[in-house]
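Working notes, structure below.
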Amino acid sequence: MAGISIEALLGRFKGCMLGALAGDCLGAPFEMDSSVALSVLNNYINKLADPKVRVPYKAFTDDTAMTQSVAQSLIDEKSFSEVDMAKKFVRAYYKEPRRGYGANIVNVFAALKATNFKDVWAPAALQFDGSGSYGNGGAMRVAPVALFTAAASTEEAINMARDSALITHSHAQGYNGAILQCLAVRNALLSPSSSLNPQEYVEGLISTLSKMRNPREEDQDLCSEGEGHGGFVDSLHVLQELLGRSDQVTREEVVERLGNDVSAINSVPTAIYAFLRALQPIQGIESDSEFLRSIVYAISLGGDTDTIASMAGAIAGAYHGSQGVPEFLGRHCEAWEGALQQAEELHKIVYKNDKP
Ligand code: F2R
Ligand code: MG
Ligand code: MG
């Protein structure tokens, strides 16, 4: 675990879960805005940071509802159970259907319920005339898988990320996006503080994706041909090029080259870029918290703001830890304590036999 103590990892588990939640809650009011002015976001954050200001809390959306279900399933089952996870997704959706779920994933929930979870993979495989969803729903909820597999092999993390996504997203871009986001969280979590080199970090992601065998060769019917992880590797090369001249890169160029929509291919690399770009000051963003800067920058790109900010926040929180998360966010985000509790429980399961 590269010299990170188990205690420090607890802070990082908390940071990751809080980051996923904060990105979702802070980003949700701007979802589908074409872009968000930095002055608007500076005012927004300054207002929340002011202890005298009383505003309604920021509600979480489907990103958090599904992340909570993934975490709770891993906590309850102490392993990956596709049936339990699918049941938790469906229960959460029918309890609170107005959390802003994807337009088509709700058909998977309905089919899972109607078939009494008989074959949990089948409804997702039937989506979009059999091509499956390439939405970012599998990626946006995958952070707890990265935490749960922190002490396991990279291969185990990849397999669990893929399986957790396949419950709803059978298109290769849908589940490969979840794998990439899982690896991004995992590599941030396991990187010693202050030593992360952005180019090497991205190189590591490219290397792991490039070595991956074509997933689930035994289940080719679940994958659409020719839609492997190549698209993600290409985007990571673009990301490296953007990082190399980050001061001259406009937000418009980031959106044009990496994307900002609800597809996994046009949002996971963008979230990774937001995390890495925010390790340096960004002109126009007032916050000097690197954690918060990643979320503010992600939101400023517009489009799928809750989800890109949530994924960037999960990666940033895993790297900076809970001490990097400004305390005032806890006053404003719904379900803050629940995220902390799930982080603690996941940490306890992963490191139960290890001495601090
Ligand atoms: N749904 C939203 N935002 C819409 C506005 C919500 C509004 N703010 C409100 O309050 O109601 N956000 C959430 O959805 C995204 C995650 O979506 P997920 O879970 O991947 O769902 P789905 O339905 O599978 O895919 C999303 C859309 O992508 C397109 N799509 C996917 N695969 C496709 C394919 N093979 N062919 C064609 N189109 C495909 C469809 O338009 C899907 O509806 C997150 O942003 C989350 O925050
Ligand atoms: Mg959402
Ligand atoms: Mg979204």
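Just so it is clear, none of the values below were taken in a lab; they were calculated from the coordinates. Computed from a prediction, not measured in an experiment: that's the story for all the values here. Cβ coordinates were reconstructed from backbone atoms using ideal geometry, including for glycine residues, and neighbour counts include every protein chain displayed.
Can you work out which of the residues in segment 89-144 that are in contact with a Ser or Thr (Cβ under 9 Å, 6 or more places away or on another chain) and charged (D, E, K, R) is nearest to Ser164 (Cα to Cα)? Among those residues, the one meeting the criterion is Arg141.
Within segment 22-74, the set of residues being within 16 Å of ligand 2 (Cβ to nearest atom) and under 18 Å from Glu290 (Cβ atoms) comprises Ala22, Gly23, Leu26, Gly27.
Considering every residue within segment 43-59, establish whether at least one is of a type in the set (A, V, I, L, M), under 23 Å from Ile272 (Cα atoms) and either touching a strand residue (DSSP E or B) at 6+ places or on another chain (Cβ under 7 Å) or within 15 Å of ligand 3 (Cβ to nearest atom) (or both). No: segment 43-59 contains no residue that is of a type in the set (A, V, I, L, M), under 23 Å from Ile272 (Cα atoms) and either touching a strand residue (DSSP E or B) at 6+ places or on another chain (Cβ under 7 Å) or within 15 Å of ligand 3 (Cβ to nearest atom) (or both).
Scan segment 140-185 for residues that are over 21 Å from Gln127 (Cβ atoms), part of a loop (DSSP other than H, G, I, E, B), touching a residue at least 12 places away in the same chain (Cβ under 8 Å) and among the small types (Gly, Ala, Ser) and the total you get is 2.
So if I check each of Val83, Val40, Val55, which one is surrounded by fewer than 21 Cβ atoms within 10 Å (Cβ to Cβ), touching a residue at least 24 places away in the same chain (Cβ under 8 Å) and more than 23 Å from the chain's Cα centre (by Cα)?
The unique qualifying residue is Val55.
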